[in-house]
Amino acid sequence: MFSCPVPAGFPSPADDQLDAPFDLTQLLFRNPASTFLARVSGDSMTGAGIQPGDLVAVDRALRPGHGSIVVAVVEGEHTLKRLQLRAGQPWLVAENPRYPPLPVSRDMGLVVWGVVTHVIHSLSGNGTGAGRR
Amino acid sequence: MYALVDCNNFYVSCERVFAPQLEGRPVVVLSNNDGCLISRSDEAKALGLKMGEPYHLVRPLLEQHQVRVFSSNYALYGDMSRRVVQVLGTFAAGVEVYSIDEAFLDFRGMNLLAPDLMKYGRELRETVIKHTGIPVCVGIGPTKTLAKLANRLARRQRTTGVLVLATPAECEAALAQTAVADVWGIGRRYARKLLEMNIDTGAALAALPEPWLRRHLGGVVGQRLWRELHGQPCLDWNPAEWDDDGTQLSPGPASRHSVTCTRSFGRPQHEAAVLAEAVATFAAKAAVKLRRHGLAAHLVTVILGTDRYVPTAGPATRTAVVNLPDATSDTAVLTQAALRGLRQLARPGVAYHRAGILLSGLEPMGQVQLGLFSAPAADQQRRQQLMTTLDALNNRYGRPLVQLAAAVGVKSSAGQPLAPAWVGRSAHRSPRYTTGWNELWTVH
């Protein structure tokens with residue numbers, strides 16, 4: 001009843017046709033319960049356009065496949081790599097020639113924490129999100 | 001049918017999601033102010049560490065076994081709990097959040113959609129761990145009480161983690177395996193009374209006639225318990241409600257009888273100014289919670305606690321209640337009332353270890369009855385708008401930006417607020433991985 005606070009005159013005819021402004025979280029968090037933001041440290045994925053200081057959205061609900069960029073667990077640490085299947089064996093491959101690809105042996109087991117869905121890269125150079133105190 | 005889903009060693013599990021090297025190692029989480037153990041991994045339980053043990057007493061044992069110790073990180077646990085509940089919401093018509101790590105699901109009519117409830121329960125369990133990293137156990141039964149009982153038994157078999165009580169025979173068998181003290185709704189006092197009468201299991205309790213429970217276990221409450229144990233649902237169903245955008249769950253309206261904010265101090269406080277600052281801060285926090293749930297309060301209770309372990313003349317916890325003429329959610333009015341209560345309560349020279357605010361006599365905001373001497377409606381509406389603006393500002397910056405002067409402590413010479421003197425210890429807190437921009441989880 002009071003949703004249109006115009007003191008006098010005619011209510012705006014566009015009032016009930018307004019679209020909500022774009023909400024980036026809707027894009028980044030297709031599955032909000034299972035998507036986590038992480039800060040990237042290190043330069044092992046620069047070839048895939050992921051720079052140190054970038055933010056990545058990681059979705060645990062997605063099934064990783066050949067070519068997915070994933071957060072995997074190797075020796076108790078989270079590591080960002082591209083997953084490749086070579087002759088049926090999974091490999092974790094860095095996108096930087098300085099790091100050798102890592103074959104995942106059977107007794108090591110492949111533990112994928114989640115699949116990277118987006119990269120957020122700030123052009124202002126001080127890191128994405130760091131402007132927020 | 002109903003289901004109760006319970007997160008295993010929830011706080012420890014949250015820490016492990018972001019620190020996989022802790023898998024298989026003993027881990028504990030300490031209560032507010034690093035007081036005592038409130039969450040233990042299975043490995044820590046196996047070392048004989050007990051729930052609620054004071055940290056300073058078990059410290060040598062923790063160090064001897066290289067147990068990883070965390071201060072509680074409620075920002076993280078709250079966010080992970082929200083995610084778990086969100087996943088659960090996709091499995092049932094309704095979710096009732098019972099605590100930070102437990103929720104009831106409405107499975108009424110579910111047998112038509114999923115005839116094999118065991119399979120459905122397993123699928124639920126696998127989905128929660130895949131999506132959130134949190135392991136859970138699932139108990140399914142014809143009533144909330146039996147679902148809770150099934151959950152207790154499901155926890156014993158960690159491999160499947162799911163127990164369904166579908167038939168009367170299954171319910172009876174489960175009741176026979178449950179000590180009477182472990183039946184939901186049987187408090188310590190009733191448990192002692194029942195044991196004296198040789199009623200030692202849930203089955204023995206359920207075998208008594210309904211009027212007996214009515215007479216001996218608190219009238220209607222006892223009667224309801226009897227029916228629940230016999231598979232007739234009679235506890236309220238009070239589901240959480242989704243926000244408009246479907247991302248946030250709020251507890252059902254009837255489940256809120258009070259809103260509290262209490263803390264233990266890092267060290268005992270006796271200075272009136274410090275106590276006032278703490279109480280004003282708690283009142284402001286409680287007021288925000290109140291407004292988030294669209295509620296207004298009639299009563300403000302101020303709570304002050306002295307050391308439990310030191311024998312004193314009076315009781316360890318003292319309270320003062322301030323009655324407001326009109327129910328309100330206005331931070332300024334609630335803070336004023338809280339400070340009035342504090343002045344009544346605080347005795348000079350006494351060192352307090354804890355303080356808190358409890359807001360009760362709640363009613364929905366906007367339905368507030370105007371008193372004869374209350375402020376005019378236009379005035380109240382303006383105040384409400386001011387509070388909305390205040391919340392929006394503080395929300396946007398993720399921490400209090402605009403506060404009442406009463407809640408702001410002494411500033412340093414550079415104008416930066418110093419950490420308040422009453423803030424508790426949390427020496428081992430992990431980063432706020434999912435809620436703090438500067439503490440985000442890092443991957444290499």
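Just need a number here: residues in segment A:80-102 that are assigned to a strand (DSSP E or B) and either more than 10 Å from every other protein chain (Cβ to nearest Cβ) or without any contact (Cβ under 8 Å) to a residue 24 or more places away in the chain (or both).
Matching residues across segment A:80-102 total 11.
Can you pull out the residues in segment B:164-193 that are part of a strand (DSSP E or B) and open to solvent by 40 Å² or more (accessible area, probe 1.4 Å)?
The one that is part of a strand (DSSP E or B) and open to solvent by 40 Å² or more (accessible area, probe 1.4 Å): B:179.
Take the conditions surrounded by 14 or more Cβ atoms within 10 Å (Cβ to Cβ) and over 27 Å from residue B:99 (Cα atoms) and apply them to residue B:152. Does it pass?
no
Of all residues being within 24 Å of the chain's Cα centre (by Cα) and open to solvent by less than 10 Å² (accessible area, probe 1.4 Å) in segment B:18-38, which is nearest to residue A:73 (Cα to Cα)? Just the residue, please.
In this case the residue turns out to be B:27.
Quick one: which residue in A:72, A:57, A:87 is over 29 Å from residue B:79 (Cβ atoms) and either surrounded by 16 or more Cβ atoms within 10 Å (Cβ to Cβ) or not hydroxyl-bearing (Ser, Thr, Tyr) (or both)?
Among A:72, A:57, A:87, only A:87 is over 29 Å from residue B:79 (Cβ atoms) and either surrounded by 16 or more Cβ atoms within 10 Å (Cβ to Cβ) or not hydroxyl-bearing (Ser, Thr, Tyr) (or both).
Working only within segment A:26-43, note down all residues that are more than 7 Å from chain B (Cβ to nearest Cβ) and either in contact (Cβ under 8 Å) with a residue 40 or more places away in the chain or open to solvent by less than 10 Å² (accessible area, probe 1.4 Å) (or both).
Scanning segment A:26-43 gives A:27, A:28, A:30, A:35, A:43.
Output yes when any residue across segment B:87-103 is among the charged types (D, E, K, R), away from chain A (no Cβ under 14 Å) and open to solvent by less than 30 Å² (accessible area, probe 1.4 Å), and no when none is.
Let us first name the residues in segment B:87-103 that are among the charged types (D, E, K, R), namely B:96, B:101-102.
Filter again for away from chain A (no Cβ under 14 Å), leaving B:96, B:101-102.
After this cut, where a residue has to be open to solvent by less than 30 Å² (accessible area, probe 1.4 Å) as well, the list is B:96, B:102.
Looking through segment B:87-103, at least one residue is among the charged types (D, E, K, R), away from chain A (no Cβ under 14 Å) and open to solvent by less than 30 Å² (accessible area, probe 1.4 Å).
Could you list, in sequence order, the residues of segment B:18-50 that are away from chain A (no Cβ under 14 Å), without any contact (Cβ under 8 Å) to a residue 40 or more places away in the chain and within 26 Å of residue B:443 (Cα to Cα)?
The one that is away from chain A (no Cβ under 14 Å), without any contact (Cβ under 8 Å) to a residue 40 or more places away in the chain and within 26 Å of residue B:443 (Cα to Cα): B:41.
Suppose the filter is part of a helix (DSSP H, G or I), at pLDDT 95 or above and either closer than 20 Å to residue B:107 by Cβ or among the small types (Gly, Ala, Ser) (or both); does residue B:130 pass it?
no
Conditions tested, residue by residue: (1) in a loop (DSSP other than H, G, I, E, B); (2) in contact (Cβ under 8 Å) with a residue 60 or more places away in the chain; (3) more than 25 Å from residue B:432 (Cα to Cα).
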{"site": "A:50", "(1), (2), (3)": "yes, yes, no"}
{"site": "A:63", "(1), (2), (3)": "yes, no, yes"}
{"site": "A:71", "(1), (2), (3)": "no, no, no"}
{"site": "A:113", "(1), (2), (3)": "no, no, no"}
{"site": "A:117", "(1), (2), (3)": "no, yes, no"}
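So in segment B:104-132, with the set limited to residues that are farther than 16 Å from residue B:2 by Cβ and in contact with a Lys or Arg (Cβ under 7 Å, 6 or more places away or on another chain), which one is most open to solvent (accessible area, probe 1.4 Å)?
B:130
Hey, among the residues in segment B:3-17 that are assigned to a helix (DSSP H, G or I), more than 13 Å from every other protein chain (Cβ to nearest Cβ) and of a type outside the set (Gly, Ala, Ser), which one's most open to solvent (accessible area, probe 1.4 Å)?
Step by step, filter segment B:3-17, then rank; the result is B:11.
The values are calculated or read from the model by the stated rules, or taken from the named source; none is laboratory data. Keep in mind that what you see is a predicted model, and the values were worked out from it rather than measured. Virtual Cβ from ideal backbone geometry, glycine too; neighbours counted across all protein chains shown. These area figures cover heavy atoms from the full protein model, side chains too; ligands, DNA and RNA do not enter into them. Shrake-Rupley method; radii C 1.70, N 1.55, O 1.52, S 1.80 Å.
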